[in-house]
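Step one of this worksheet: look at the structure below.
The values are calculated or read from the model by the stated rules, or taken from the named source; none is laboratory data. None of these values were measured; they are calculated from a predicted model. Positions of Cβ are backbone-derived with ideal geometry, glycine not excepted, and every protein chain shown enters the neighbour counts. Note: areas computed on protein heavy atoms with side chains; ligands, DNA, RNA excluded. Shrake-Rupley method; radii C 1.70, N 1.55, O 1.52, S 1.80 Å.
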Amino acid sequence: MTHLTVPIGFLFVCLLGSSAMADTFPADEGNIEITPLIHSSVQLEYRGTVVQIDPWNRLGLEGAKPADLILLTDDVGHHLDVEAIARLRKPDTQIIMAANGRDQVPDGIVMANGDTLEIAGMTIEAIPAYDIIPGEPSHPRGEANGYVVTLGGQRLFFAGVTECVPEVTELTGIDVAFLAMNVPPNRMTPAAAAECARALGPDAVYVYHYDQDYARRALNPGYEGSGLPGGITVDESLRQFADALSDTAIEVRTGAWYPPLK
């Protein structure tokens, strides 16, 4: 796989002003297109099949396509956005979610932690997503899902908001991993996220859901921000994550997760 190496800080600044752009990852019959959209919203496209993970309509989901499958990791608005779902679903779209989303999406398919489902030519595994370090916002065990999506012979792991819990480190054969970072308080720091990536050993890793102040300002423009532990910037946290994996063969990819707020 060929991938341009660009300094993390430069890449982060440039991507802030860009529209949604797709990366590619090789699969059995062509490439999987991976498009970071916003915060933890991701679009996959493979041989005409489109998967949307946690679509969030805050900025209109530029570049997002109607989905054959929608995966929802949790029930809060930037993971389960009924406006985004309405915009992206087709008459035959399947929606998979944790049980806590049932009231908002009554026709969705509920997967509990540990369930596996064959759907739309893919295998979907629901992986526990929860906190180890206590505090707010709280993510109790059993409420939310991460997902392993297998398509085109590749296994892509979307962690959702979780620490590197045993059910995550026990996963095998992960080709591409998406890991939340900078989740408060002091959960999934750059060092912890990098340690989790090492445990998974994917070919490529993205960090997402890493700018919590942006997500809060998206809903409350007057929010002043709380910052990160140690007073580092978000850009510095990305650099720390990449530096912590610099001695591995894991390709660190930085997506355009945070377009300018309007």
Task: Projected area averaged over orientations for the chain, convex hull of C-alpha atoms, nm² - done: 12.9 nm²
Task: Gain in span if fully extended, Lys90 to Arg141, counting 0.36 nm per residue against the direct Cα distance - done: 15.2 nm
- [ ] Please work out the average accessible area per residue across the chain, using the 1.4 Å probe convention, and give it in Å².
- [x] 43 Å²
- [ ] Mind giving me the nanometre distance, one decimal, between the label points for Arg47 and Ile232, set 7 Å out from Cα along Cα→Cβ?
- [x] 4.1 nm
Task: Accessible area of the chain belonging to carbon and sulfur atoms, whole % at 1.4 Å probe - done: 51 percent
Task: At R0 = 35 Å, FRET efficiency that the Cβ-Cβ distance of Glu195 and Asp115 yields, to 0.05 - done: 0.80
Task: Computed label-point distance, nm, for sites Thr248 and Lys65 using a 7 Å Cα→Cβ extension - done: 3.0 nm
Open item on the list: Can you bin every Cα-Cα distance in segment 173-220 into 10 Å intervals starting at zero and give me the percent of pairs per bin, rounded to whole numbers?
Closed with: 27, 46, 22, 5, 0
Open item on the list: In 5 Å bins starting at zero, report the fraction of Cα pairs in segment 101-161 per bin as a rounded %.
Closed with: 4, 18, 21, 23, 18, 10, 5, 1
- [ ] Pop a pseudo-label 7 angstrom from the Cα along the beta-carbon direction at both Glu33 and Met21 and give the gap in nm to one decimal.
- [x] 1.5 nm
- [ ] Only bridges with both residues in the chain count here: give the DSSP antiparallel percent, nearest 5.
- [x] 60 percent
